[in-house]
1. Out of (1) surrounded by fewer than 18 Cβ atoms within 10 Å (Cβ to Cβ); (2) on the phi < 0 side of the Ramachandran plot; (3) over 10 Å from the mean Cα position of the chain (by Cα), what's the single condition that is false for Met37?
2. Outside any loop (DSSP other than H, G, I, E, B) and within 15 Å of the chain's Cα centre (by Cα): does that describe Leu104?
3. For the stretch 75-100, how many residues meet the condition of being outside any helix (DSSP H, G or I), of a type outside the set (Asp, Glu) and under 15 Å from Ala51 (Cβ atoms)?
4. Among the residues of the stretch 49-80 satisfying the criterion of being of a type in the set (Gly, Ala, Ser) and either out of contact with any Phe, Trp or Tyr (no Cβ under 7 Å at 6 or more places or on another chain) or closer than 15 Å to Trp105 by Cβ (or both), which is surrounded by the fewest Cβ atoms within 10 Å (Cβ to Cβ)?
5. Are there any pairs with C-beta distances below 9 angstrom linking a residue in the stretch 47-73 that is more than 15 Å from Ala31 (Cα to Cα) and touching a residue at least 24 places away in the same chain (Cβ under 8 Å) to a residue that is of a type in the set (D, E, K, R) and in a loop (DSSP other than H, G, I, E, B), with the two at least 6 apart or on different chains, and if so which?
6. Pick from the stretch 81-100 the residues that are polar (S, T, N, Q) and surrounded by fewer than 18 Cβ atoms within 10 Å (Cβ to Cβ): which of them is nearest to the chain's Cα centre (by Cα)?
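Here, each number is a calculation from the coordinates, and none is a lab measurement. Computed from a predicted model, the values in this text were never measured in an experiment. Because the Cβ atoms are built from the backbone with ideal geometry, glycine has one as well, and the counts that use them run over all protein chains shown.
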Amino acid sequence: MAGQPREGRFDWIWPIDNDYRALVAQATLAASCAHEMCHTFGIAHSPGGGADDPDTSLPSTLEANVIGWRATDDKTFGPGWADLMSYSVPVGGTYQDRWPTAELWNRLFDRLNS
């Protein structure tokens, strides 16, 4: 929920009374930081995990035949892994193991290019 810390962590974002937003994230929570950064680009939650008013045009998991790869530890993420913008915890993973779907990447690149 915007403006409310979850589980006592500082990984939240809040709208201010103007067009500016602020982001606070703990350095060890890379996925949470990336998730909140997506919000600063106007991207809503994907379905999954009980998010309020999710963007149902975003998939909640990686698409079939899509494999994600994390360079820092050479870990791969198979289809069905939780999307970065969901509140889902991947089976066999942690909240920090969420991965951006291809659709999320496309939206981020569109926003960065506009």
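1. Answer for Met37: the failing condition is (3).
2. Yes, satisfied.
3. Going through the stretch 75-100 one residue at a time, the tally reaches 8.
4. If we filter the stretch 49-80 for residues that are of a type in the set (Gly, Ala, Ser), which is where we start, we get 49-51, 57, 60, 64, 68, 71, 78, 80.
Restricting the remaining residues to those that are either out of contact with any Phe, Trp or Tyr (no Cβ under 7 Å at 6 or more places or on another chain) or closer than 15 Å to Trp105 by Cβ (or both) gives 57, 60, 64, 68, 71, 78, 80.
Details: Ser57: 10, Ser60: 20, Ala64: 8, Gly68: 18, Ala71: 6, Gly78: 14, Gly80: 13.
It comes out as Ala71.
5. So the pair list comes out as Pro47/Asp55.
6. My answer is Gln96.
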